[in-house]
């Protein structure tokens, strides 16, 4: 079965349920699980600077950046249900922010002050964005923490993941993507990156993750990046934005709220 599951596209499989019945599944799952109907996904992409991805309960759980692909399985009214191709999050997106197809990007936004957010994807034409704000795809930053430091002061917003506003794991994700590194969307997946290190060995650039006490599919913990041996940079509701804070203070606050003690990862 593990070999068969390797055939499933990255991210959670696209499955629509009615109670215990699978009424619709993406065609890639045909022969792997039983469903009443199978359908090919429809490739679309984000045509606005940033677009929200919503849960079934209409809570923002992620965002699409300009140029990112969204594979649509189902349409309902003015919304599309599918999966973000870059980070695998599944949810609802307004159809009016999507355009057909998933064009291959040749450049990415490297600035944090451009009209499009950091890591947005564009082709040769990028209306309203200066060439100086763009880099060729494959030309990456060197240090995730240095990228995160450029976002100091940006507002904290749950479910956001852009240089306009961001949550904790969104900040870490965007710093990693800017450096050409895997950028999972959720804290639990970020806690699996690289290799485990001891607190005493932690240094600039290491990831720090506190797992939430009652984590669900959407919010699994809190993520940060070490600035030096004693400080982290993170997006936090406690301070309303992206800040540098003493690791010991974050540890005390989060463990006091029931989070597990920090784990440290070197990538």
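No value in this document is a laboratory result; all are computed from the given coordinates. Here the structure is a predicted model, which is why all the values come from computation and not from measurement. Neighbour counts run over all protein chains shown; Cβ positions are idealised from the backbone, glycine included.
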Check your understanding: At a Förster distance of 35 Å, what's the computed FRET efficiency of residue 149 paired with residue 104, Cβ-Cβ distance as r, to 0.05?
Key -> 0.70
**Study point:** For segment 30-86, radius of gyration divided by Kirkwood radius, i.e. Rg to Rh on alpha-carbons
**Key:** 1.01
Revision key, fill the gap. Using eta = 1.567 mPa s and T = 4 °C, Stokes-Einstein with Kirkwood Rh from Cα pairs puts D for segment 77-164, in µm² s⁻¹, at 87
Exercise for review: Starting from the Cα of residue 59, step 7 Å along the direction of its Cβ; do the same at residue 113; then give the gap between the two resulting points in nm.
Suggested key: 3.7
Review point. Relative to the first principal axis of the alpha-carbon coordinates of the chain, what is the inclination of helix 247-256, with its axis defined by its Cα atoms, in degrees from 0 to 90 and to the nearest 10?
Key: 60
Practice item. Report, to the nearest 10°, how far helix 168-178 tilts away from the longest principal axis of the Cα atoms in the chain, using its own Cα long axis and a range of 0 to 90°. Key: 80
Review point. Roughly what would the spin-label model give for residue 39 and residue 214, points 7 Å off Cα along C-beta, in nm?
Key: 3.5
Revision key, fill the gap. Of all DSSP beta bridges having both residues in segment 141-266, the percent classed as antiparallel (nearest 5) is 95
Practice item. Sum -39500 (n - 2.57) across every DSSP H segment of at least 4 residues in the chain, then divide by the residue count to get the 222 nm mean residue ellipticity, nearest 500. Key: -3500 deg cm²/dmol
Practice item. Calculate the length of the line joining the C-alpha centroid of segment 84-147 to that of segment 151-168, in whole Å. Key: 16
Exercise for review: Return the distance in nm (one decimal) between the two label points of a simple spin-label model at residue 15 and residue 238, each offset 7 Å from Cα along Cα→Cβ.
Suggested key: 3.8
Check your understanding: Rounded to the nearest 0.05, what FRET efficiency do residue 255 and residue 124 have when you use their Cβ-Cβ distance and R0 = 45 Å?
Key -> 0.35
Check your understanding: Along each of its three principal axes, how wide is the spread of alpha-carbon positions in the chain, in whole angstrom units, largest first?
Key -> 54, 46, 33
Review point. In Å and whole numbers, how far do the C-alpha atoms of segment 150-200 stretch along each principal axis, longest first?
Key: 32, 24, 20
Point to revise | Calculated diffusion of segment 2-100, Stokes-Einstein form, Kirkwood radius summed over Cα pairs, 37 °C and 0.692 mPa s, µm²/s | key: 238
Review point. So what does log10 I(q)/I(0) come out to for segment 141-266 at q = 0.15 Å⁻¹, using the Debye formula with one equal point on every Cα and no solvent?
Key: -0.57
Practice item. Please say if segment 69-126 is rounded, prolate or oblate, where rounded means a/c under 1.5 for a ≥ b ≥ c the square roots of the C-alpha gyration tensor eigenvalues, and otherwise the choice is prolate for a/b larger than b/c and oblate otherwise? Key: prolate
